[in-house]
Amino acid sequence: MAKKREINEYSTDPAAQQMLIRAEELGIGTAFTRADAMAPCNIGSAGMCCKQCGMGPCRLTKEGDVGVCGATIDTIQARNLTRAIAAGSAAHSDHGRDMAFLLKATAEGEAEGYMIRDIAKLRMVAGYYDIPVDGRAPEEIANDLADLYIAQFGQQRGEAVPIRRATKKRQALWRERDVVPRGVDREVVEALHRTHIGDDQEPEHILEHAIRTSLADGWAGSMIATDISDILFGTPAPVLGQANLGVIKADMVNVVVHGHEPSLSEMIVAASQTPDVIEYAKAAGANGINLSGICCTANEILMRQGIPAAGNFLHQELAIMTGAVEAMVVDVQCVMQALVGLAENFHTKIITTSPKVKIKGATHIEFEEHKAMTIAKEILKAAIDNFKNRDNSMTQIPDIKEDLIPGFSHEYINYMLGGSYRASFRPLNDAIMSGRIRGVAAIVGCNNPRSSQDYLHNLVTKELLKQDVLVVQTGCGAISSAKLGLMLGEAGLSEVGAGLREICETVGIPPVLHMGSCVDNTRILTVLTQMAETGGLGDDIDQIPAVGLAPEWMSEKALAIATYCVASGAYVIFGGASPVGGMPDRVSDSDAVLKYISVGWEEKYGGKLEFIPDPQMMIKATLEHIDKKRAALGLPEYDPTRFGRSGDAEMLKLEALPLAEKRKAVYGLAAD
Ligand code: SF4
Ligand code: MSK
């Protein structure tokens with residue numbers, strides 16, 4: 001058993017700390033205490049254990065050890081990593097598949113309550129694939145797009161069509177390396193086949209298939225999920241939202257939606273606003289229904305509807321600890337099995353909804369797109385019926401929440417930089433070229449109870465902002481910045497470098513842009529591709545001064561995201577433990593897998609994956625990479641003192657000066 005940590009070592013979030021104190025008082029365990037009790041296995045966590053067949057498990061703990069079949073540590077690590085990437089790709093992509101089926105059902109008029117909300121995006125996406133749009137009804141276009149997208153999963157030969165949205169140069173590189181994904185399912189199945197006992201045994205060869213599998217995620221499955229979510233529910237644009245446990249309301253029926261797929265949660269939002277449901281809640285003695293979200297379901301409805309986020313991954317148990325949640329409605333991914341046992345201490349109902357996910361002890365109300373509104377109302381009524389069971393003596397809601405402005409889709413960023421008629425990434429590229437913005441960091445990914453919740457995210461984010469690095473975020477990382485108040489215009493600007501601050505003030509954006517959920521990391525790929533195509537920052541993603549970071553990663557999906565970003569040309573840094581760390585005392589030239597995913601992948605794709613647990617080293621590596629890319633492009637060396645004499649803050653300072661001094665400062669006229 002690891003050492004029991006103090007509350008402030010569990011989380012840096014004061015709302016979480018309040019709930020963790022309460023958990024201790026009530027003697028209830030959480031992921032934080034379970035992490036203390038469950039010391040990680042050093043062999044497994046470093047990728048040195050193989051469970052691929054019944055002759056094992058084989059644990060390779062000494063230099064030169066091999067498994068019963070003779071597999072070396074490098075082969076075992078490559079297989080383990082590839083399987084994790086395949087699982088992550090499968091999770092994202094299966095979400096994409098369900099969205100494609102939902103688009104098809106909507107186009108055919110068979111999906112109760114759904115409609116095509118963003119016709120402009122539908123036409124734009126159809127245009128990528130030469131689907132005719134002129135003179136056709138949205139449903140006709142959507143039907144063709146749905147058929148094309150559904151086919152991407154089972155396609156056996158050829159190329160997954162969304163890859164044509166990458167730069168021409170990148171597409172050519174993938175073709176040359178023979179890693180263009182054929183179909184999503186084919187790559188995932190082949191990853192499982194090649195890592196089975198007695199198959200692919202050359203680590204580099206196995207890892208090349210990991211690249212291909214991850215590309216099937218980033219440039220197909222996840223991209224399809226994002227496209228269709230926007231088409232059906234609207235492309236996100238800035239909207240006011242709130243984050244943290246304080247969004248739970250004592251006088252209302254609280255329903256927390258948790259998981260990933262927006263199909264049901266969007267319908268729950270719609271159902272919660274219908275008069276009959278509101279009336280039903282009032283008849284139960286509540287002041288109405290209060291929806292909030294956890295994890296990426298939270299992000300989906302936050303960025304489109306402004307529905308508040310109760311928190312990120314490690315808040316799922318803490319929301320129930322408030323004693324004021326009537327129902328937690330879960331679908332897929334990142335849902336802890338511990339929720340059911342925890343909820344037994346309160347009155348909260350855990351409601352599973354996906355045909356793919358059941359939890360013993362939970363209530364299962366299965367979602368079905370053909371009667372989504374009916375099911376959404378049934379779920380809400382079950383929550384309302386549970387309101388009477390709330391024990392007010394057990395209710396404790398932290399009075400802590402922050403406002404935020406989420407909704408920075410790539411379409412909106414394009415628009416905000418140039419307006420309707422001159423929408424363009426040109427101003428962003430120019431700001432990087434001049435050095436006002438040093439570079440861009442995508443800080444994404446999960447929470448992990450093995451480190452203090454939000455600590456690494458926030459430390460890295462705040463330091464990079466000081467260094468004039470524009471930060472974009474998705475997933476639970478985004479919620480962590482939201483809880484800190486970094487996603488609200490001026491509120492986040494006081495600690496930001498002078499050049500970046502000028503840009504934020506001029507464009508009217510927060511220094512940290514919320515770009516969506518974890519499948520929406522494809523939006524970041526799109527932004528980077530458009531930046532490369534805009535000109536001035538090279539002609540491909542690997543030349544842009546940009547870095548991806550996941551300081552608190554935990555899920556296999558994070559590994560899939562990292563790998564498709566690397567294959568797209570990005571440097572990706574993960575915090576925490578390396579799943580291919582190997583033996584601490586290994587001689588350097590036996591670290592084949594570690595080396596290959598860093599140096600080897602960089603030679604082939606221009607991107608690399610590294611695990612750097614120390615946040616200061618993470619920041620250093622980020623800035624060095626950004627500066628190296630700036631130098632390679634021939635851009636001026638970053639100079640923190642060069643900018644900062646324009647923008648709102650400087651204007652306000654000038655305003656406050658006496659007239660004579662103002663004349664001098666502005667026009668250089670003598671004070672007299
Ligand atoms: Fe051991 Fe080889 Fe079986 Fe893995 S595949 S468990 S290394 S015998
Ligand atoms: S929910 S994958 S904990 S980001 Fe997308 Fe958060 Fe990571 Fe799940």
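Taking the listed residues Ala16, Ala37, Ala84, the one that is closer than 30 Å to Gly246 by Cα and within 16 Å of ligand 2 (Cβ to nearest atom) is Ala16, with no other qualifying.
Scanning the stretch 606-632 for residues that are surrounded by 15 or more Cβ atoms within 10 Å (Cβ to Cβ) and of a type in the set (A, V, I, L, M) gives Leu609, Ile612, Met618, Ile619, Ala621, Leu623, Ile626.
Within the stretch 453-472, the set of residues being surrounded by fewer than 24 Cβ atoms within 10 Å (Cβ to Cβ) and either within 16 Å of ligand 1 (Cβ to nearest atom) or assigned to a loop (DSSP other than H, G, I, E, B) (or both) comprises Gln467 only.
Every test in (1) under 27 Å from Leu559 (Cα atoms); (2) more than 16 Å from ligand 2 (Cβ to nearest atom); (3) surrounded by fewer than 24 Cβ atoms within 10 Å (Cβ to Cβ); (4) in contact (Cβ under 8 Å) with a residue 24 or more places away in the chain is passed by Lys104 save one, and that test is (1). Any residue at all in the stretch 350-370 that is more than 17 Å from His258 (Cα to Cα) and either within 16 Å of ligand 2 (Cβ to nearest atom) or assigned to a helix (DSSP H, G or I) (or both)? Looking for residues that are more than 17 Å from His258 (Cα to Cα) and either within 16 Å of ligand 2 (Cβ to nearest atom) or assigned to a helix (DSSP H, G or I) (or both), one finds at least one in the stretch 350-370, hence yes. Only one of these conditions is not met by Ala442: (1) among the aliphatic types (A, V, I, L, M); (2) modelled with pLDDT under 95; (3) closer than 16 Å to Ile573 by Cβ. Which number is it? Failed condition: (2).
Pick out the one residue from Ala250, Ala281, Ala225, Ala271 that is at pLDDT 95 or above, of a type outside the set (Phe, Trp, Tyr), in a loop (DSSP other than H, G, I, E, B) and closer than 29 Å to Leu339 by Cβ.
Numbers: Ala281 fails: in a loop (DSSP other than H, G, I, E, B); Ala225 fails: in a loop (DSSP other than H, G, I, E, B); Ala271 fails: in a loop (DSSP other than H, G, I, E, B).
Answer to the check: Ala250.
For the stretch 533-545, state whether one or more residues are away from ligand 2 (no atom under 16 Å from the Cβ), in contact with a Leu (Cβ under 6 Å, 6 or more places away or on another chain), among the β-branched types (Val, Ile, Thr) and at pLDDT 95 or above. Among the residues of the stretch 533-545, at least one is away from ligand 2 (no atom under 16 Å from the Cβ), in contact with a Leu (Cβ under 6 Å, 6 or more places away or on another chain), among the β-branched types (Val, Ile, Thr) and at pLDDT 95 or above, which makes the answer yes. Scanning the stretch 191-211 for residues that are buried (at least 18 other Cβ atoms within 10 Å of the Cβ) and not polar (S, T, N, Q) yields Ala191, Arg194, Asp200, Pro203, Ile206, Leu207, Glu208, His209, Ala210, Ile211. Exactly one residue among Gly341, Gly323 is part of a loop (DSSP other than H, G, I, E, B) and surrounded by fewer than 24 Cβ atoms within 10 Å (Cβ to Cβ), and that residue is Gly323. Give me a count of the residues in the stretch 483-512 that are within 13 Å of Lys462 (Cα to Cα), in contact with a strand residue (DSSP E or B) (Cβ under 7 Å, 6 or more places away or on another chain) and either assigned by TED's automatic domain parsing to the domain that holds Gly259 or not in a helix (DSSP H, G or I) (or both). Total meeting the criteria: 5. Here Glu24 meets each of (1) modelled with pLDDT of 95 or more; (2) closer than 27 Å to Ser517 by Cα with one exception, condition (2).
The single condition from (1) surrounded by fewer than 24 Cβ atoms within 10 Å (Cβ to Cβ); (2) under 24 Å from the mean Cα position of the chain (by Cα); (3) among the aliphatic types (A, V, I, L, M) that Ala431 fails is (2). Listed by first and then second residue, the pairs linking a residue in the stretch 55-77 that is among the acidic types (Asp, Glu) to a residue that is part of a loop (DSSP other than H, G, I, E, B), with Cβ atoms under 8 Å apart and 6 or more places separating them unless they lie on different chains, are Glu63/Met583; Glu63/Asp585; Glu63/Arg586; Glu63/Val587.
Going by the structure shown, is Gly475 away from ligand 1 (no atom under 16 Å from the Cβ), in contact (Cβ under 8 Å) with a residue 40 or more places away in the chain and surrounded by fewer than 24 Cβ atoms within 10 Å (Cβ to Cβ)? Lay out the reasoning, then the answer.
Working: away from ligand 1 (no atom under 16 Å from the Cβ): yes; in contact (Cβ under 8 Å) with a residue 40 or more places away in the chain: yes; surrounded by fewer than 24 Cβ atoms within 10 Å (Cβ to Cβ): no.
No.
For the stretch 1-21, which residues satisfy the criterion of being under 25 Å from Ser481 (Cβ atoms) and of a type in the set (D, E, K, R)? Listed by number, the residues that qualify are Arg5, Glu6, Glu9, Asp13.
Within the stretch 48-72, if we keep just the residues that are closer than 19 Å to Ile85 by Cα and more than 8 Å from ligand 1 (Cβ to nearest atom), the residue that is surrounded by the fewest Cβ atoms within 10 Å (Cβ to Cβ) turns out to be Cys49. Look at the stretch 28-50: where a residue is in the same structural domain as Gln17 (by TED's automatic domain parsing) and a partner is at pLDDT 95 or above and β-branched (Val, Ile, Thr), sitting 6+ places away or on another chain with Cβ atoms under 6 Å, you get Cys50/Ile76.
Report yes if Leu513 is under 23 Å from Lys628 (Cβ atoms) and either surrounded by fewer than 24 Cβ atoms within 10 Å (Cβ to Cβ) or of a type in the set (A, V, I, L, M) (or both), otherwise no.
Details: under 23 Å from Lys628 (Cβ atoms): no; either surrounded by fewer than 24 Cβ atoms within 10 Å (Cβ to Cβ) or of a type in the set (A, V, I, L, M) (or both): yes.
In short, no.
Take the conditions (1) crowded, with 18+ Cβ neighbours inside 10 Å; (2) touching a His at 6+ places or on another chain (Cβ under 8 Å); (3) modelled with pLDDT under 95; His95 misses just one of them, which is (3).
Residue-by-condition table, conditions (1) in a helix (DSSP H, G or I); (2) assigned by TED's automatic domain parsing to the domain that holds Pro551; (3) within 28 Å of Gly538 (Cβ to Cβ):
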| site | (1), (2), (3) |
| --- | --- |
| Met583 | no, no, no |
| Val593 | yes, no, no |
| Val599 | yes, no, yes |
| Lys604 | yes, no, yes |
| Met618 | yes, yes, yes |
| Leu623 | yes, yes, yes |
| Ala631 | yes, yes, yes |
| Leu635 | no, yes, yes |
| Tyr638 | no, yes, yes |
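Taking every residue in the stretch 615-627 that is touching a residue at least 12 places away in the same chain (Cβ under 8 Å) and pairing it with any residue that is crowded, with 20+ Cβ neighbours inside 10 Å and of a type in the set (Lys, Arg), at least 6 positions away or on another chain, the pairs with Cβ-Cβ distances below 7 Å are Ile626/Arg438.
Residues that are within 13 Å of ligand 2 (Cβ to nearest atom) and closer than 21 Å to Leu464 by Cβ were ranked within the stretch 549-565; the one that is surrounded by the most Cβ atoms within 10 Å (Cβ to Cβ) is Ile561.
Pairs linking a residue in the stretch 163-183 that is touching a residue at least 60 places away in the same chain (Cβ under 8 Å) to a residue that is outside any helix (DSSP H, G or I) and among the acidic types (Asp, Glu), with Cβ atoms under 6 Å and 6 or more positions apart or on different chains, are Thr167/Asp540; Lys169/Asp539; Lys169/Asp540; Arg170/Asp540. Here Thr522 meets each of (1) farther than 27 Å from Gly435 by Cβ; (2) away from ligand 2 (no atom under 16 Å from the Cβ) with one exception, condition (2). Among the residues of the stretch 253-268 satisfying the criterion of being of a type in the set (S, T, N, Q) and modelled with pLDDT under 95, which is surrounded by the most Cβ atoms within 10 Å (Cβ to Cβ)? Filtering first and then ranking leaves Ser265.
The values are calculated or read from the model by the stated rules, or taken from the named source; none is laboratory data. Everything numeric in this text was worked out from a predicted model, so none of it was measured. Neighbour counts are summed over all protein chains in view; Cβ atoms, including those assigned to glycine, are modelled from backbone coordinates with ideal geometry.
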